[in-house]
1. Kindly establish whether Ile100 is free of Cβ contacts under 8 Å to residues at least 40 places away in the same chain and out of contact with any Lys or Arg (no Cβ under 6 Å at 6 or more places or on another chain).
2. Has the stretch 82-89 got at least one residue that is crowded, with 19+ Cβ neighbours inside 10 Å, acidic (Asp, Glu) and either on the phi < 0 side of the Ramachandran plot or not in a loop (DSSP other than H, G, I, E, B) (or both)?
3. Give the number of residues within the stretch 1-28 that are under 16 Å from Phe103 (Cα atoms) and either in contact with a Leu (Cβ under 7 Å, 6 or more places away or on another chain) or without any contact (Cβ under 8 Å) to a residue 60 or more places away in the chain (or both).
4. Any residue in the stretch 104-115 that's closer than 18 Å to Leu130 by Cβ: show its pairings with residues that are of a type in the set (Asp, Glu) at Cβ separation under 6 Å, as long as the two are six or more apart or on different chains.
5. With the requirement that a residue be touching a Pro at 6+ places or on another chain (Cβ under 8 Å) and closer than 16 Å to Glu4 by Cα, what does the stretch 106-136 give you?
6. Collect the residues in the stretch 100-120 that are out of contact with any helix residue (DSSP H, G or I) (no Cβ under 8 Å at 6 or more places or on another chain), within 22 Å of Pro47 (Cβ to Cβ) and either of a type in the set (S, T, N, Q) or not in a loop (DSSP other than H, G, I, E, B) (or both), keeping them in residue-number order.
7. Restricting to the stretch 1-49, and then to whatever is in a strand (DSSP E or B), of a type outside the set (A, V, I, L, M, F, W, C) and farther than 17 Å from Ala66 by Cβ, can you tell me which residue is nearest to the chain's Cα centre (by Cα)?
8. Looking at the structure I just gave you, is Pro69 within 14 Å of the chain's Cα centre (by Cα), surrounded by fewer than 19 Cβ atoms within 10 Å (Cβ to Cβ) and of a type outside the set (A, V, I, L, M, F, W, C)?
Amino acid sequence: MSAERAAIALGSNLGDRERVLGRAREAIGRLPGTRVVGASRVEETEPLGPVPQGPYLNQMLLVETALEPRELLEALLAVEREEGRARSERWGPRTLDCDIVLFGERSITEAGLTVPHPELPHRGFWQRELAELNVRLPVA
């Protein structure tokens, strides 16, 4: 099985945000058949959505992975849980959020998994982070 490149967005606005992102980078780098090949600068952003909360630290990772998209998603959800992520409130604060933004050239629409991520056009910080990693944005 050959490896594909995937862009994974990390975000945290609870606890020691920098430490959480660092542990997430390490955990993602330990996933089977996966290695981190690039990481953007960490950027602080205002929260999105209607729920009052503190600012986020965000970072984009570029990985090479032999995992299929659904396998990668399940592994990322496990990393979130290891960091204490509780999915209770949509758009609410979180210790860690991991999103698959891009997965090679694939276009995927499945229950719980849409790639490219549907919020990509609306998140300037993701676009800046991808540009920093020299990742081309998909043509709409």
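The values are calculated or read from the model by the stated rules, or taken from the named source; none is laboratory data. Values in this document were obtained by computation on a predicted structure and should not be read as measured data. So basically every Cβ, Gly included, is an ideal-geometry build from the backbone, and we count neighbours across all protein chains shown.
1. no
2. yes
3. Counting residues in the stretch 1-28 that are under 16 Å from Phe103 (Cα atoms) and either in contact with a Leu (Cβ under 7 Å, 6 or more places away or on another chain) or without any contact (Cβ under 8 Å) to a residue 60 or more places away in the chain (or both) gives 6.
4. Gly104/Glu4
5. Arg106, Ser107, Ile108, Val115, Pro116
6. Within the stretch 100-120, just Thr114 meets the criteria.
7. Gly11
8. Considered against the rule, which asks whether it is within 14 Å of the chain's Cα centre (by Cα), surrounded by fewer than 19 Cβ atoms within 10 Å (Cβ to Cβ) and of a type outside the set (A, V, I, L, M, F, W, C), Pro69 comes out as yes.
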